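Below is one structure; the comments refer to it alone.
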Ligand code: HEC
Ligand code: HEC
C-alpha cells in the first residue's frame with residue numbers, strides 16, 4: 001500500500017514522541033509526590049488533632065491524643081517516620097491500604113475511630129502527597145498507648161463484621177452534572193475533612209446513617225450533641241456568616257465555638273484556601289435539607 005517513507009517516518013516519530021510523553025508524565029507523576037501539597041491536605045484532613053498529645057510542646061503527629069467515645073477511649077498513634085515508634089518501616093502501599101481499606105500492614109482491621117470510612121474516598125494523588133508529607137516529619141519516639149475499650153468493643157476481629165455492614169471502600173466519584181465547586185466541596189466534606197464523622201448520626205452499632213447525611217447527631221464526641229448542618233438549620237446563616245464561623249469559630253449570635261468544633265476550625269477549616277472554603281459552603285448549601293433528629 002502506498003504509505004510514503006516520509007509519512008511512515010513521521011508516524012513512527014509521532015508514536016515515539018507519544019511514548020516519550022507518556023513515560024515522561026508517568027515519571028513526573030511519581031516524582032511529583034508533593035510534600036507542600038501533602039501538608040495542606042493533612043490540615044484539610046485534621047490529622048494533627050487526633051495524632052498529637054494534648055499538652056504544651058507535644059511533638060506534632062507523635063500520637064497520644066485521648067479520644068473518648070461511647071465504646072471507650074482510643075489513643076491516636078504515632079504517625080511520624082520513627083522506625084520503631086512510628087511508621088518508619090511502612091511503604092507507601094501500607095499507607096494506602098490503611099487509609100483506603102482500614103487494614104494494618106499485618107492484615108488486622110483498624111477501629112473506625114480512625115475515620116477511614118471517610119478517608120477511603122481520598123484520591124490516589126492526594127494519598128501519595130499525604131504520605132510524602134508524613135515521611136518528611138521529624139521522627140518522634142513517643143511509644144503508642146493501648147486503647148482502653150469496653151468489652152467487647154476492644155476485640156479487633158469483630159471489626160471485620162462491622163466493615164461488612166457499614167464500610168464502603170473506594171475513592172470519591174464526582175458528579176459530572178454538578179458544578180466543579182460543589183464536587184470539590186463534596187470531596188472535602190465527605191472524604192478529606194470528614195465532617196460527617198461527627199455531623200451524621202450513627203445507628204446503635206456506630207455505623208453512619210447514609211439517609212441522614214449531616215443531619216446532626218445526639219451522640220457526638222464526648223457524648224455531646226452535634227448540630228444539623230443541612231440547609232434546614234443553616235438557611236438562617238448567610239454565606240458570610242458561614243465563612244466567618246469556619247474561619248474564626250464565631251457564630252452569628254456572637255458565641256465562639258469550643259471543644260470538638262473549635263479544633264476543627266483551628267486545625268482545618270481556617271486553614272483552607274479561599275476556593276476550598278467557598279466549595280465547602282457551596283456544597284453545604286446544595287445538600288438535601290433534613291429535619292433534626294427526634295429529641
Ligand atoms: C478522629 C481522629 C482521627 C483523625 C482525624 C485521623 N486519625 Fe489517624 N488514627 C486514629 C486512630 C484512633 C487510629 C488507631 C486505630 C486503631 O488502632 O485501630 C489511627 C490510625 C492511623 C494510622 C495507622 C497507624 C498505625 O500505627 O497503624 C494512620 C497511617 C493514620 N491514622 C493516618 C491518618 C492521617 C493521614 C490522617 C489525616 C488525613 C488521620 N490519620 C486522621 C484517629 C484519627
Ligand atoms: C470532631 C467532630 C466534628 C467534626 C469533624 C466537624 N464538626 Fe462541625 N461541629 C461539631 C460540634 C460538636 C459542633 C457544635 C459546636 C458548638 O455548639 O459550639 C459543630 C458545629 C458546626 C457548625 C455550626 C452549626 C450551628 O448551627 O451552630 C457548622 C457550620 C459546622 N460545625 C460545620 C462543620 C464542617 C463544615 C465540618 C467539616 C469541615 C465540621 N463541622 C466538622 C463537631 C464537629
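Coordinate-derived values only; no laboratory data. Given the structure is predicted, the values throughout are model-derived calculations rather than measurements. In this analysis, Cβ positions are derived from the backbone assuming ideal geometry, glycine residues included, and neighbour counts consider all displayed protein chains.
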Check your understanding: What order, most packed first, do the peptides 38-44, 272-278, 215-221 have when packing is the mean number of other Cβ atoms within 10 Å of each residue?
Key -> 38-44, 215-221, 272-278
Revision key, fill the gap. The relative contact order of the range 20-166, taking Cα pairs under 8 Å that sit 6 or more residues apart, comes to a percentage of 28
Practice item. Compute the distribution of all C-alpha to C-alpha distances in the range 180-286, in bins of 10 Å from 0, and list the percent of pairs in each, rounded to whole numbers. Key: 15, 50, 32, 3
Check your understanding: Remind me, relative contact order of the chain in percent, using alpha carbon pairs under 8 angstrom and six or more residues apart?
Key -> 18
Study note, to complete from the structure: Helix 92-101 sits off the longest principal axis of the Cα atoms of the chain, rounded to the nearest 10 on a 0 to 90 degree scale, by 50
Practice item. Could you sort 280-292, 114-126 so that the peptide with the highest average Cβ count within 10 Å comes first and the rest follow in order? Key: 114-126, 280-292
Revision key, fill the gap. A correct Stokes-Einstein calculation for the range 138-189, using the alpha-carbon Kirkwood radius, 37 °C and 0.692 mPa s, returns a whole-number D in µm² s⁻¹ of 213
Check your understanding: Per 5 Å bin, what percent of the C-alpha pairs of the range 95-176 does each bin hold, from zero upward?
Key -> 3, 12, 19, 22, 20, 13, 8, 3, 1, 0
Study note, to complete from the structure: With T = 4 °C, eta = 1.567 mPa s and Kirkwood Rh from C-alpha pairs, the Stokes-Einstein D of the range 20-166 in µm²/s is about 80
Point to revise | Estimated D of the chain in µm² per second, where Rh is the Kirkwood radius over Cα pairs and Stokes-Einstein applies at 20 °C, 1.002 mPa s | key: 102
Study note, to complete from the structure: Highest mean packing first, using Cβ neighbours within 10 angstrom, the peptides 188-201, 158-171, 45-58 sort as 188-201, 45-58, 158-171
Revision key, fill the gap. Rounded to the nearest 10, the angle in degrees between the Cα long axis of helix 274-286 and the longest principal axis of the Cα atoms of the chain comes to 70
